[in-house]
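Heads up: the structure comes next, in structure tokens.
No lab work stands behind these numbers, since they all come straight from the coordinates. The structure displayed is predicted, hence computed values, not measured ones. Reconstructed Cβ throughout: ideal geometry from the backbone, glycine too, with neighbour counts over all protein chains shown.
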Amino acid sequence: MSKEVWNHKSKNTVPLKLPITHLKSVKRNTITHEFDPGSQAQIPPPQESDEHLSEASQLLRQGIQQQQAGELIAAMKSLQQSLVLFQAVKDLQKQAQVLSFLGLVSYSAGDYKNAISYSQQCMSLSEEASDLPLQMQALSHLGNAYRHLNDHHKAIEFLEKCLKITQQLQDKRSQVAALNNLGLVYKALGNFTQAIEYQQQSLEIVRELKDNWGEEQVLKNLGNAWYALDNYPKAIAYYEQCVILARSLKNVRSASQVLKNLGNACYALGDYTKAIKYYEERLQLAREIQDKRSEEQSLGSLGVACEALGDHHKAITYYEERLLLARTLKDRRSEEQALASLRVACYALGDYAKAMQYQQGTSPNS
């Protein structure tokens, strides 16, 4: 059986097929155990002449490739067909393998109850076959799914068992995932100190492996944990490292998210100039990838930071841009927020006539 790793890039693929019925991958900070795309996806055809076994293996390969391309409905269909055929020829190990992958696809789609069901079936078969790598994978999916269902104690139970197997197998890549995911559960429980302890261990191992994708994710999670503790200097230190990696990996959406957090952390410290720097970087990225929602948020944040510096004229410029964008997006809530911000900024400048125009919901330049 080939070694298993997580596939970082699969979370960022843009699906090209099934535009109407496509199951969208849910964005999260979990590191998932997935089959190595370089080896597991190339499952060799069986030596047996049994056509059921040959077709089942082909469907399994196809399902793995579809999952990696983000085509979750197609992957689910291929894997379910593969499972039926492996059941027909009574190949328990391959059944467990397919069930594990079905658990992963369900998890990726946010269907946590089915992820648990498939992973429990996988667990039963892999225990029977004494297949530790598959047990480790099933435990990981179970822990992650229970975390999203807010059953944190079950999540910890399964992820701790997963961690023990990763240590037993000396599988450092899987240790990174287990430690990171345990950290996420403890963060959800409000135990940030324990969360940081696990994720710090995860960071040390992922750096040893020189895995930039994994390191970027762990740095972001560490930044989030320190931010939750209101320790903004430490949060900023991790976020800044994360942004550098995200940019080097061309992971623009992740960089945009972390730049927002960086700006907010600097703002919380009263470093408004630095906050503006990060919000401007986020605005530039948002425009590059035509992410209108991030652009609208960035304009609002920039206006607030400029007001904090007493630069009401510049704040008004940003709020005006936000207002126009909110109207383009037909986002009534953001439009009302922009108008309210503009009224406050105009009052601060003593421009009561202009403030009254915003009060009536009209832009002076419109």
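Which of G350, G110, G183 moves the most in a Gaussian network model of the chain with Cα springs under 10 Å? In the Gaussian network model the winner is G350. Between E127 and Q170, the simple spin-label model (points 7 angstrom out along Cα→Cβ) gives 2.8 nm. Each label point was placed 7 Å from the Cα along the Cα-to-Cβ direction; for S248 and H153 their separation is 4.3 nm. Based on the reciprocal of the average 1/r between different C-alpha atoms, the Kirkwood radius for region 84-149 equals 11.4 Å. Annotation for region 275-366: trypsin sites (Lys or Arg not before Pro) lying in DSSP loop with at most 11 further Cβ atoms inside 10 Å of their Cβ are K330. Comparing Q95, Q68, Q168 in a Gaussian network model of the chain (Cα springs below 10 Å), the most mobile by mean-square fluctuation is Q168. Label positions at A237 and A69, each projected 7 Å from the Cα along the C-beta direction, are separated by 4.5 nm.
Comparing G270, G70, G214 in a Gaussian network model of the chain (Cα springs below 10 Å), the most mobile by mean-square fluctuation is G270. For the chain, the pair-distance distribution built from all alpha carbon pairs, in bins 10 Å wide starting at 0, is 5, 21, 26, 21, 14, 8, 3, 1, 0 percent.
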